[in-house]
Every structure is written in C-alpha cells, then in structure tokens.
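These notes are about the structure you will find just below.
Read the figures in this text as sums done on the coordinates, not as results from a lab. The shown structure was predicted, so the numbers you read here are calculated from the model rather than taken from an experiment. For neighbour counting, all protein chains shown are included, and Cβ atoms are generated from backbone atoms with ideal geometry for every residue, glycine included.
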Amino acid sequence: MDTQISGEIKGRLAVAKKVVIASHVRPDGDAIGSLLGLGLALQDAGKSVEMILVDGVPSSFKYLEGSTLIKREPSGGHDTFITVDCADFKRVGKAFESFGQPDINIDHHITNEKFGKLNLIEADEVATAAILTNHLPQWGLTITTPIASALLTGIITDTLGFRTSNTTPESLRQAATLMEAGVDMPEIYMQSLVRKSYPAARYWGAGLSSLESKNGIVWATLTLADRKSAGYGGNDDADLINMISAIDGNKIGMVFVEQADQHVKISWRALAPGFDVSQVAKHFKGGGHAAAAGADIEGSLSNVQKEVLQKTRELLNL
C-alpha cells in the first residue's frame, strides 16, 4: 500500500468541490462498482460529483443503487478529475480528449501507464474496488450500504466470485468488511455473475455454437449478426468469457466480439498457471493482468482473429 500517495490523494479530495469521475469504455463490474463507490462516497461528503461512463451502464448492473446518476458525458466545469479502473487514458473515451491530465488515477492493472498527476496503482489487489475498500476510510469517507454494494460488485466480478488465481485471504476479508456494512452478498453474486437476460442467453448460444479449440487455445466468436439476432443491446460479450474459462483441457480462453466501427474486442483468460495474457494484450495496445486481459483492435473480424490467434500462440509459446 502506497501511504504517501494515499495521503496526497486525501489532501486533494479534501479541497475538491466539483469532481468528475470516469472509467473505461465497455465497463465491467469493477469499473461500475469503483465509479459508484467513490462517487457516492464523495457525494455523501458534500462534493458535487459527476460520474461518467461514455458507454453507459449495462442492464446487468442497473440494480446498483445510484446507477441512474451515471451519465454518458460530463456537463459542467470541475476542479478535480479522477479515473478509476482504467489502465490507459484513451480508454475513458472521446468525451475526455480535451480534459487534460487526470488529477487522480486509481487502478489495479499492472499495465497502467500512470497517466495521472497522482497515481495510486496497486497491482496486487484483485480489483480497483478492493483498493477503494481499503482507502476510503483512510480518506475520511464513509462506506455506507449502497457504497459497499458497489464495491463488492467490483470485487466479485473481477475475481469471478473468488475463483481467480489472485484471490487472497485479504480479498475475502475485504468482502467480509463490506458485508458488515449491510450488503446482501448472495444477491450481489446472483445479480452480477449468475443471472442473465433472455437476449444475453441467446447471445451466449450463438457464441457457444462457434467454439473452436486448437493448440491449447479455446475461443468463441460473436458477430454483429449474432447480436442483432439475439436482440442483445450491449456491445460486449455478455460475460461469455466466464463460460469459456470453465472449459476444461485448455491453457488459454478467448472471445472475439465484432464491433460496428470496424473494430474487434478481444478478451483473454489464462486457464492454466504460468501464462501471462497481459503481455499479449499489451502487444495490441490493450491491458490487464496475467490471468485476464483485453484489447480493442481495428480491422475486420476475420483478419483480426487470424492475427491475434497467431500472435497469442507465438508470445505464449503454444
């Protein structure tokens, strides 16, 4: 834990009056949970806060109290700009191109580029929400039940329900602390990891029917046509990567998701010890962790898929 940086952030937050907080495009549970957790805590402390996700809140996380406060773009001036759970500043989206350098950058990705004026990067933590669970009380901010629910959502989703290899006794203690704040953990678990909408289930079906496996890699492909046919409203994989990660007998799991703007979103998961998929993602200007990473690559689905599979095999010696 970086106590010096944490102390500097505490001082910066104490004098802040108008705060803008943002996280990455195509937000996951940790992006949303960290954004809400910090944003609600600062609101409770009397700050004016705008919480921004340029892609909005996926339907699967709208159960979180305060999610309706999240906007797609900032509307007013600010004296403090914070990013959470974002390893690369470009991933906060085009709405922030003219915002300048963030005042505070809080993240747990080992690939973080430390683009803020103050950078609290704790790569040993399982989630950015875990970092905030530790630091909010140190900054004089209270973790209420809605804040605890948001933070626990971030921890649960980034550990796939405490199933990832980086889960530690400390992360379980953090979850216990948040439960003591009044969180219904079984409900959070069901909402964030288990329940799926009917369109999402149909979308999964399309992805699972595309499954391929070769040289220790198992992958699924989701096309724009699949999304339209299923009636799925998001531009992500509806967490299909979690299902891919449960398939036995492989070393790497991947999902390719075709985007409308001639891009392809790729998610990697290491399914066996000793593999660092973040190095592959970083090659394609993405980021993440040894066990889980992602990237967004320009090009057609067929071309990107061929290139990425080849480079994944090459960099991971498969």
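Some observations on this one:
- Projected onto their three principal axes, the Cα atoms of the chain cover extents of 54, 41, 38 Å, largest first.
- Span-rule helices in the chain, defined as complete DSSP H runs reaching 15 Å or more along the axis (Cα) with Kyte mean at least 1.0: 145-158
- Placing +1 on the Cβ of every Lys and Arg and -1 on the Cβ of every Asp and Glu, with no other charges, gives the chain a dipole of roughly 480 debye about its Cα centre.
- Qualifying trypsin sites (Lys or Arg not before Pro) for the range 1-66 [loop in DSSP, other Cβ within 10 Å: at most 14]: K17, K62
- Residue list for the range 19-57, given a label point 7 angstrom along the Cα-to-Cβ vector of Y63 and an amide N cut-off under 16 Å: 29-30, 32-33
- Under the Debye formula (equal points on every Cα, no solvent term), log10 I(q)/I(0) of the range 156-213 at q = 0.18, 0.23, 0.26 Å⁻¹: -0.76, -0.95, -1.06
- For the range 191-318: lysine pairs under 30 Å (alpha-carbon distance), excluding those fewer than 8 apart on one chain: 28
- Remark: the range 198-315 carries a charge dipole of roughly 160 debye about the Cα centre, counting +1 on each Lys and Arg Cβ and -1 on each Asp and Glu Cβ.
- Each 5 Å bin from zero holds the following percent of Cα-Cα pairs in the range 79-232: 2, 8, 14, 14, 14, 16, 15, 11, 5, 1, 0.
- The chain - share of DSSP beta bridges that are antiparallel (%, nearest 5): 45
- Residue exposure sequence - T168, T153, T159 - by fewest surrounding Cβ within 10 Å: T168, T159, T153
- Normalised by the number of residues in the range 3-193, the mean separation of alpha-carbon contacts (under 8 Å, six or more apart) gives a relative contact order of 24 percent.
- Of the GluC sites (Glu not before Pro) found in the range 66-149, the ones in coil according to DSSP and having at most 15 other Cβ atoms within 10 Å of their Cβ are E97.
- Toward the positive end of the charge dipole of the chain, with +1 on the Cβ of Lys and Arg and -1 on the Cβ of Asp and Glu, the farthest Cα among Q259, G161, A201 is that of Q259.
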